[in-house]
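The values are calculated or read from the model by the stated rules, or taken from the named source; none is laboratory data. For clarity, every value in this text was computed on a predicted model and none was experimentally measured. For neighbour counting, all protein chains shown are included, and Cβ atoms are generated from backbone atoms with ideal geometry for every residue, glycine included.
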Amino acid sequence: MRVSEYLILTLALVLAVAAVTSVGFFANRVERAMQAQAATLLAADAIVSSPQQITAEVRDTALQNSLSITDVIEFPSVVLNDDGDTALVSVKAVGDAYPLRGELRLSRQLYGVDRGVIGGPPAGEVWIDPRLAGVLSVTPGDELALGDLQVVVNEFIAFEPDRGGDVFQMAPRLMMSASDLPVSGLLGEGSRARYKMLIAGESRDLDNFAGWLDQLGDASLQLQNVEQGRPRVQSALLNVRRFLGLAAAVAVLLSGAAVALAARQIAERDMDTSALLRAFGASSQSVIRIVLIRLAAIALVASLVGSAVGFLAQFGLSALLAQWFAAELPAPSMLPLVGGISCALLALGGFCLPAIAKSADAPVVRVLRRDLPVARPSTWLVIGSALMAMLVLLTWLTRDIKLGLALVAGLITVVGVLWLVSRALVALAGRAQAPRLRRALEGIRRRPNSVSLQISAFSVGLLALLLLAIVRTDVLNTWQRQIPDNAPNYFLVNIQPEEVEQVQSLLAQRGVEGESLHPMVRGRLEAINDRRIGEGGYSDERARRMSERDFNLSYHLLPRDDNTVVDGQWWPADTTENQFSVEQDFAEEVGINLGDELHFRIADKQVSGTVSNLREVQWESFAVNFFVVGTPVALSGHPASFVTSVFIDDPDGVFVRDVVSQFPGVTVLDVGTMLERITGILDRAALAVQYVFGFTLVAGILVLIAAVLASRRERFQEAAILRTLGASRRYLAGSVSREFILIGTLAGLMASSIAAVLAWVIVERVMSLQYEFNLTLWIGGILVGIAGIWSAGTVATLPVLRQSPMAVIRNQV
Amino acid sequence: MNTIQASGLTKRVVTAEGELVILDEVDIALSAGEAVAVVGPSGSGKSTLLALLAGLDSASDGQIELLGSQLHALDEDGRAAVRAGQVGFVFQSFQLLPGLTALENVMLPLELAGIGQARDRAAEQLASVGLASRQKHLPSQLSGGEQQRVAVARAFVTNPKVLFADEPTGNLDQNTGDTIVELMFGMRASLGCALVLVTHDQRLAARCDRVVTMAEGRLL
């Protein structure tokens, strides 16, 4: 028994560290993979940009740092076709290695099948945006005049990784070889161009180069990496890090609980030894020193073994997941190893130091009175110390103390709620009268705290997995199912005012009649009443971005059937006043109220008007909608383009080609492709988070085993007494099975039910869709709870079933 | 027929220093209702003898018959089945289940033996040891003497044919110990069950029908 107590402690610590490091290593790889994928949005890991040519010194330093580099030069220009038609284009001259991350997708035919390529166009060749093909009526093989050059159009650009930006604004792309630039005569002194050097390589080398560039202090050189380069990518990465960090944090917390359980057993065991040592005259400091040295040795061994197990475990698990990722996961960094060892030391410090200190300070009189109650440290001290350890770990994990604090607070709330629900379930179960389950119920009643811990620890992971499964299947399906069959599948944008009638007539030919073409005016909100935008702050980042960017305004006289005025009145048809109607959620986020005076800057003019109503918009209808709509008198005098959304069954792409050929400036957006891409991204993100939470489920099982192991002494005693009184092994096994099946049922019931409630909230309240309860998943959750806890509990109690009744005589239990 | 009949009983264990003989060719028999005290110095093999006779452990050699069952031919579950409902135990350290109330502890052997009306019978038995008002108390809420009284109630609740007691007063003061002994012997007398009592206490041993002494694994 003595040996196994230490063995159990070491094992618990090994398991805790293994859980942390396996989550850490895998999360690290997923994060690096996502970072690499996100890097494709820059077509590089980082970009140095400048209004002048990048100097040789900068290039050489990048190369010396083992980084790959390539050039991108962007500038506007005009091209001519053989007929003398001209078009404004956004030229992008690229080096041979472009793109360094991601791939460029080209098609030989207009809107034909595309394929991925690496490397820019060869000298003398250009690749163009399909829009430009419409404008200049060019087909592959045609020549264009570009500056002093005659270039051949050979490919259409289907996807450009680092295009980004706003599709409504950009002139059509023309991509050429950077080697053609010097002879093209396109760039002279004072030409408007943006020079970029794309960089890719190991993060350490990138850091070194960034450090050098920073020291160089050239204000004209800007370094953008994935995280700082683009707000949207930055925000996406931050969210990914938060989700994975949260999943890892839950694993850390559960591992900490496992360590604490095992450490408490050791502390209680040490109490007698320390009382004896002190009875012989040892000081409490020397006793503490002995205990700490022993624990440190255990921590060292356990953290090394645990880290190794964690490291190996992530390889197998990553292999299982390889098919989920388009690209192979990169090798993990060694950072999680430091995390594993730190976790072991911190767990010992934070989760068991108070207990250890108390055990070393045990009353000496225990040598005479072993029946004295075990001295335990103050609960607040234990919790405070554990929380401090958590905060340190989480801050280290997220590199952000605010986020660390928020995560600790969030974890306390989630675990607290789960603990309270578990405790209530245990109390209810304890009162149940079921003769066949009596011994199982006794087991639960006797160890309410331990059982509640087991239930809540297991439920955390299960709940997260179930919720993500619901989101991945039910929520996305519900969303797609509830999109009407005839919802618009094409958006037509950039329609010029003089093209409106012709577009309407083309649509009529395709059987689409009466579809509104909405005027769109670009404007920037400058002030709300007397408060200028940017002053006073916004509660969230999205609100700030929404208020500060240029956005699209529209105008119409009559209210639309698919918008509902929820506050105020729609303007009268004969209004001559400047008035605005604002979408209600946008109004709330930006802080706009009914009656407010909005001041917009449109081109070089200021337009002001009063908010006369707030509208509710059904965004999921895919109809064209606007955050802000004005009266015609307010907006119709400004430059506008038109936009519409239509449903056209066009499997052969005839409609798209007709639009592009007749209206070269009009951009056609395929909603189906966009939706497919959005749901694909959501699904993969949910899978990644779900995977990390899978580790949390394993960590929950580890806590369960640790809790069962911590109660094994008691269970051994019970088993020995029961065997003495005539109980068979089958009887003991049946009792243990029923106990764990009951605990598993409670855990599964709690996780499944909370997941269903949260799914209802997401679907009904957040997405305003109709929620359909998924009985299969609910029952599945309960069955997983039963299977997980029963198998883990049975494995942990197998030695108990082999307990000999002789232990009673020997008083060894 | 004897309640217990053991012959050539030997128990050997393997230690780091080699094989150790704990019990060496012991022969012993108890007739129905007979009380036998086993005395001897510490390490003489008293508790091992008790464990083998009760089927708590298996002998290396020899034969044991308990209540007509050949224990040496049975596995652990078989021996447990023989004990269920027929054998009572009182231990020095009480050995109550800490999570069960006094009443539930007394009910346990009845339930394991499949005897009906367990709750009523256990309550009655608790009352007979003077603990009617302590039914719902957990062992930790009882004094040492009270815990041993619960253990006595548990031992006798199935009306066993044989009772094994291992130093039943070893953890109690003299007065409390005397009370327990009176209770135990009184109940044994009324039931007429056999008793195997391991003790250092000569006064206690003297109350039995027969005293056997052990030394170095042998009966003297």
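Mind listing whichever residues of the range B:1-20 are under 24 Å from B:Met187 (Cβ atoms) and crowded, with 16+ Cβ neighbours inside 10 Å? Step through it out loud before you land on a result.
Taking the range B:1-20 as the starting set, the residues that turn out to be under 24 Å from B:Met187 (Cβ atoms) are B:1-4.
The answer is B:Asn2, B:Thr3, B:Ile4.
Looking at A:Ala457 and the list (1) within 14 Å of another protein chain (Cβ to nearest Cβ); (2) crowded, with 17+ Cβ neighbours inside 10 Å, which single condition is not satisfied?
Every condition holds for A:Ala457 apart from (1).
Which residue is surrounded by the fewest Cβ atoms within 10 Å (Cβ to Cβ), if the candidates are limited to the range B:139-165 and must be out of contact with any strand residue (DSSP E or B) (no Cβ under 8 Å at 6 or more places or on another chain), farther than 12 Å from B:Leu110 by Cβ and of a type in the set (A, V, I, L, M)?
Ranking the qualifying residues of the range B:139-165, first place goes to B:Leu142.
Out of B:Gln148, B:Gln125, I need the residue that is touching a residue at least 40 places away in the same chain (Cβ under 8 Å), more than 12 Å from chain A (Cβ to nearest Cβ) and either under 21 Å from B:Asp178 (Cβ atoms) or in a helix (DSSP H, G or I) (or both). Which one? Don't jump to the end; show me each part of the working.
Working: B:Gln125 fails: touching a residue at least 40 places away in the same chain (Cβ under 8 Å).
Selected residue: B:Gln148, the only one of B:Gln148, B:Gln125 that is touching a residue at least 40 places away in the same chain (Cβ under 8 Å), more than 12 Å from chain A (Cβ to nearest Cβ) and either under 21 Å from B:Asp178 (Cβ atoms) or in a helix (DSSP H, G or I) (or both).
Out of all the residues in the range A:136-146, is one or more acidic (Asp, Glu) and at pLDDT 90 or above?
Our first condition is that a residue be acidic (Asp, Glu); within the range A:136-146, this holds for A:142-143.
Then drop every residue that is not at pLDDT 90 or above, which leaves A:142-143.
Yes.
Kindly check whether there is at least one residue in the range B:60-79 that is over 20 Å from A:Ala719 (Cβ atoms) and of a type in the set (Asp, Glu).
Yes; the residues of the range B:60-79 include at least one that is over 20 Å from A:Ala719 (Cβ atoms) and of a type in the set (Asp, Glu).
Can we say B:Gly116 is within 14 Å of chain A (Cβ to nearest Cβ) and surrounded by fewer than 22 Cβ atoms within 10 Å (Cβ to Cβ)?
Values: within 14 Å of chain A (Cβ to nearest Cβ): yes; surrounded by fewer than 22 Cβ atoms within 10 Å (Cβ to Cβ): yes.
Spelling it out, B:Gly116 is indeed within 14 Å of chain A (Cβ to nearest Cβ) and surrounded by fewer than 22 Cβ atoms within 10 Å (Cβ to Cβ).
Within the range A:80-105, work out how many residues are crowded, with 24+ Cβ neighbours inside 10 Å and outside any strand (DSSP E or B).
3
Restricting attention to the range B:68-77, and to residues there that are more than 9 Å from every other protein chain (Cβ to nearest Cβ) and assigned to a helix (DSSP H, G or I), which single residue is farthest from the chain's Cα centre (by Cα)?
Across the range B:68-77, the extreme among qualifying residues is B:Ala73.
So A:Ile288 clears everything in (1) crowded, with 22+ Cβ neighbours inside 10 Å; (2) modelled with pLDDT of 75 or more except one condition, right? Which one?
(1)
Considering only residues that are in contact with an Asp or Glu (Cβ under 6 Å, 6 or more places away or on another chain) and either part of a strand (DSSP E or B) or surrounded by 18 or more Cβ atoms within 10 Å (Cβ to Cβ) (or both), which ones fall in the range A:45-79?
The answer is A:Asn65, A:Leu67.
Quick check on my filter: what residues within the range A:734-748 are more than 30 Å from B:Ser93 (Cα to Cα), surrounded by fewer than 24 Cβ atoms within 10 Å (Cβ to Cβ) and not hydrophobic (A, V, I, L, M, F, W, C)?
A:Thr745
Would you tally the residues in the range A:17-35 being at pLDDT below 70 and within 16 Å of A:Ile701 (Cβ to Cβ)?
Number of matching residues: 2.
Output the residues belonging to the range B:21-61 that are on the phi > 0 side of the Ramachandran plot and buried (at least 18 other Cβ atoms within 10 Å of the Cβ). Don't jump to the end; show me each part of the working.
To start, the set of residues in the range B:21-61 that are on the phi > 0 side of the Ramachandran plot comprises B:25, B:33, B:40, B:43, B:45, B:55.
Across the range B:21-61, the qualifying residues are B:Gly40, B:Gly45, B:Gly55.
Quick one: what pairs do we get from the range B:82-110, first residue facing another protein chain (nearest Cβ under 7 Å), second aromatic (Phe, Trp, Tyr), C-beta under 7 Å, 6+ apart or different chains?
Filtered contacts from the range B:82-110: B:Phe89/B:Phe164.
Residue check: is B:Glu25 over 30 Å from A:Arg439 (Cα atoms) and more than 16 Å from the chain's Cα centre (by Cα)? Let's see the steps before the verdict.
On the way: over 30 Å from A:Arg439 (Cα atoms): yes; more than 16 Å from the chain's Cα centre (by Cα): yes.
For B:Glu25, the condition - over 30 Å from A:Arg439 (Cα atoms) and more than 16 Å from the chain's Cα centre (by Cα) - is met.
Go through (1) more than 18 Å from A:Val617 (Cβ to Cβ); (2) at pLDDT 75 or above; (3) not in a strand (DSSP E or B); (4) not charged (D, E, K, R) and name the single condition A:Ala527 misses.
Against the list (1) more than 18 Å from A:Val617 (Cβ to Cβ); (2) at pLDDT 75 or above; (3) not in a strand (DSSP E or B); (4) not charged (D, E, K, R), A:Ala527 comes up short only on (3).
Only one of (1) surrounded by fewer than 22 Cβ atoms within 10 Å (Cβ to Cβ); (2) within 22 Å of the chain's Cα centre (by Cα) fails for A:Ala751. Which number is that?
(1)
Which helices (runs of 4 or more DSSP H) does the range A:718-813 wholly contain that include 2 or more residues that are closer than 29 Å to A:Val421 by Cβ and at pLDDT below 90?
Numbers: elements: A:729-760, A:775-801, A:806-810.
Ranges flagged: A:729-760, A:775-801.
Given the conditions (1) more than 14 Å from chain A (Cβ to nearest Cβ); (2) closer than 11 Å to B:Ile4 by Cβ; (3) free of Cβ contacts under 8 Å to residues at least 60 places away in the same chain, which single one is not true for B:Glu65?
Only one criterion in (1) more than 14 Å from chain A (Cβ to nearest Cβ); (2) closer than 11 Å to B:Ile4 by Cβ; (3) free of Cβ contacts under 8 Å to residues at least 60 places away in the same chain is unmet by B:Glu65, namely (3).
For A:Tyr731, indicate whether it is surrounded by fewer than 22 Cβ atoms within 10 Å (Cβ to Cβ) and within 14 Å of another protein chain (Cβ to nearest Cβ). Before the answer, list the steps.
Numbers: surrounded by fewer than 22 Cβ atoms within 10 Å (Cβ to Cβ): yes; within 14 Å of another protein chain (Cβ to nearest Cβ): yes.
So A:Tyr731 fits the description; yes.
With the structure loaded, tell me whether A:Val500 is on the phi < 0 side of the Ramachandran plot, of a type outside the set (D, E, K, R), under 35 Å from the mean Cα position of the chain (by Cα) and modelled with pLDDT of 85 or more or whether it fails that test.
Numbers: on the phi < 0 side of the Ramachandran plot: yes; of a type outside the set (D, E, K, R): yes; under 35 Å from the mean Cα position of the chain (by Cα): no; modelled with pLDDT of 85 or more: yes.
No.
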